[in-house]
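Remarks on the structure that follows.
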Amino acid sequence: MNIGIVCYPTFGGSGVVATELAKGLANKGHKLHILSYSRPARLDSLRTDITFHEVDLSSYPLFEYPPYDLALANVMVDLIKFEKLEVLHVHYAIPHATSAYLAKQILGEQAQHVPIITTLHGTDITLIGSDPSYKDVVDFSINQSDGVTAVSEYLREETYKKFDIKKKIEVIPNFIDLDRFKKSDKNHFKKALCPNGEKVITHVSNFREVKRVPDVVSTFHKIVEGGVDATLLMVGDGPDRQRAEQRCRELKVCGKVRFLGKQEQVEEVLSISDLFLIPSGSETFGLAALEAMSCGVPVISSNIGGLPEVNVHGETGFLCELGDIDAMGDYSLKILKDEELHSELSKNARKRAEHFEQSRIVEVYEDYYKKVRESLLSSAQ
């Protein structure tokens, strides 16, 4: 098939999943076209079976902000006409599904055979969904899609609660490349960061407020107070980094915390990690947790959103009520002070990650494309 995939290019989960999905589909012989306003972070190699199309955001004095949704629709029109797209898969309802609908309306009968498949990732539902000024547009865009998927059971239910959706939403979870995300020998790296054999605690996120990164520092402080010699690695960057650094100063743990910034090869950091902390206030799936688990790292997470569908309490780590720093600290100490428990959780984490193996989930998407496309073609006859 000739498939178009639309995504945001950032380090967030949706951009990662969309790009890795494109790679997986290309590996199965499909031709892929990725549309975004800049090259996605994970599209880091030159391939003949994946073409990147940059959506140009030309500035005009009339517009305070360039109309990205219109520019995107125009690129979609070109690809359907000249590249003969057979499927258009958009990640995020707003504005991607809206732009896809507009493109099909512009083309009319020329685009009748091209299904729009919309994948909901979270912010388009949990954040935009809380803004009533967007509700009608989100309702319309999702309902006009030919197929709709969500990355977790939690997100599917939230979508039905917040919006008036008539379409059936299929749950297709996020996935993991087990060959890339696996524990590897990085002892030289660990010795450089932890010369005295300290335990390594890791957090990976985009440092937005919803990730609650100061809570990571507070939990780490509990671990150190509990008698564990440890180093905290903070991977990523964003608006709350300054608040996290301030919390480090308040708790006097600056010498034990390293801010590593954004890292392309995050699996190398996870390979030397003993524990992963994810105290998020909203997480519709928890891809960062899954990546840690795939590297055999036990996870301490908040008990919200889609995280319980990934991190199994008492089996791959522990779940805590949102904001319960004491519980997160206690569970962390329990794991770090009990080598047998740590080993068991580590093995279970990797086994759990295998349920989300990339090629399995890519096949599910492939079958879903075919089903939606066949349904659209039969209804048009």
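Of all residues in the range 159-206, those satisfying the criterion of being acidic (Asp, Glu) and more than 22 Å from the chain's Cα centre (by Cα) are Asp164, Asp185, Glu198.
Rundown of residues vs (1) surrounded by fewer than 21 Cβ atoms within 10 Å (Cβ to Cβ); (2) in contact (Cβ under 8 Å) with a residue 40 or more places away in the chain; (3) more than 30 Å from Gly281 (Cα to Cα), yes/no style:
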residue	(1), (2), (3)
Pro66	yes, no, yes
Val77	yes, no, yes
Val87	no, yes, yes
Ala97	no, yes, no
Ile117	no, yes, no
Asp136	yes, no, no
Asn143	yes, no, no
Ser152	no, yes, no
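Restricted to the range 311-346, and to residues there that are touching a Phe, Trp or Tyr at 6+ places or on another chain (Cβ under 7 Å) and touching a residue at least 24 places away in the same chain (Cβ under 8 Å), the residue that is nearest to Ile172 (Cα to Cα) is Cys320.
Of the helices (runs of 4 or more DSSP H) lying entirely inside the range 218-329, those containing at least 2 residues that are among the charged types (D, E, K, R) span 241-251, 266-270. Scanning the range 172-227 for residues that are of a type in the set (A, V, I, L, M, F, W, C) and touching a Pro at 6+ places or on another chain (Cβ under 7 Å), we see that the one that is modelled with the highest pLDDT is Val216. A Cβ distance below 9 Å, combined with a sequence gap of six or more or placement on separate chains, defines the contacts here; from the range 368-380, residues that are in the same structural domain as Ser145 (by TED's automatic domain parsing) reach residues that are buried (at least 18 other Cβ atoms within 10 Å of the Cβ) and assigned to a helix (DSSP H, G or I) in the pairs Tyr369/Leu25. Could you tell me which residue of the range 310-320 is surrounded by the fewest Cβ atoms within 10 Å (Cβ to Cβ), considering only residues that are under 22 Å from the mean Cα position of the chain (by Cα) and either within 20 Å of Arg247 (Cα to Cα) or of a type outside the set (Phe, Trp, Tyr) (or both)? Filtering first and then ranking leaves His313.
For the criterion of being closer than 23 Å to Ala103 by Cβ, of a type outside the set (A, V, I, L, M), in contact (Cβ under 8 Å) with a residue 40 or more places away in the chain and buried (at least 21 other Cβ atoms within 10 Å of the Cβ), Ser14 passes.
Report yes if some residue within the range 103-115 is among the hydrophobic types (A, V, I, L, M, F, W, C), within 28 Å of Ala353 (Cβ to Cβ) and in contact with a Lys or Arg (Cβ under 8 Å, 6 or more places away or on another chain); otherwise report no. Full working, then the answer.
So the first thing to find is which residues in the range 103-115 are among the hydrophobic types (A, V, I, L, M, F, W, C), and the list is 103, 106-107, 111, 114.
Still in the running and within 28 Å of Ala353 (Cβ to Cβ): none.
No, there is no match, as no residue in the range 103-115 is among the hydrophobic types (A, V, I, L, M, F, W, C), within 28 Å of Ala353 (Cβ to Cβ) and in contact with a Lys or Arg (Cβ under 8 Å, 6 or more places away or on another chain).
How many of the residues in the range 233-278 are without any contact (Cβ under 8 Å) to a residue 24 or more places away in the chain and either buried (at least 21 other Cβ atoms within 10 Å of the Cβ) or of a type in the set (Asp, Glu) (or both)? Result for the range 233-278: 2.
Can you confirm whether the range 9-21 contains a residue that is over 24 Å from the mean Cα position of the chain (by Cα), hydroxyl-bearing (Ser, Thr, Tyr) and modelled with pLDDT under 85? Explain how you work it out, then say what you get.
Kept after step one, since they are over 24 Å from the mean Cα position of the chain (by Cα), are these residues of the range 9-21: none.
Scanning the range 9-21 turns up no residue that is over 24 Å from the mean Cα position of the chain (by Cα), hydroxyl-bearing (Ser, Thr, Tyr) and modelled with pLDDT under 85.
Scanning the range 183-217 for residues that are surrounded by fewer than 20 Cβ atoms within 10 Å (Cβ to Cβ), touching a Leu at 6+ places or on another chain (Cβ under 9 Å) and assigned to a loop (DSSP other than H, G, I, E, B) yields a single hit, Lys183.
Against the numbered list (1) in a loop (DSSP other than H, G, I, E, B); (2) modelled with pLDDT under 95, Glu374 comes up short only at (1). Residues in the range 17-51 that are surrounded by fewer than 18 Cβ atoms within 10 Å (Cβ to Cβ) and either among the acidic types (Asp, Glu) or not assigned by TED's automatic domain parsing to the domain that holds Asp78 (or both): 2 in all.
In the range 330-366, what residues are part of a loop (DSSP other than H, G, I, E, B) and surrounded by 21 or more Cβ atoms within 10 Å (Cβ to Cβ)? First the steps, then the outcome.
We begin by selecting, within the range 330-366, every residue part of a loop (DSSP other than H, G, I, E, B); these are 337-338.
Scanning the range 330-366 gives no hits.
The values are calculated or read from the model by the stated rules, or taken from the named source; none is laboratory data. All values derive from a computational prediction rather than experimental measurement. In this analysis, Cβ positions are derived from the backbone assuming ideal geometry, glycine residues included, and neighbour counts consider all displayed protein chains.
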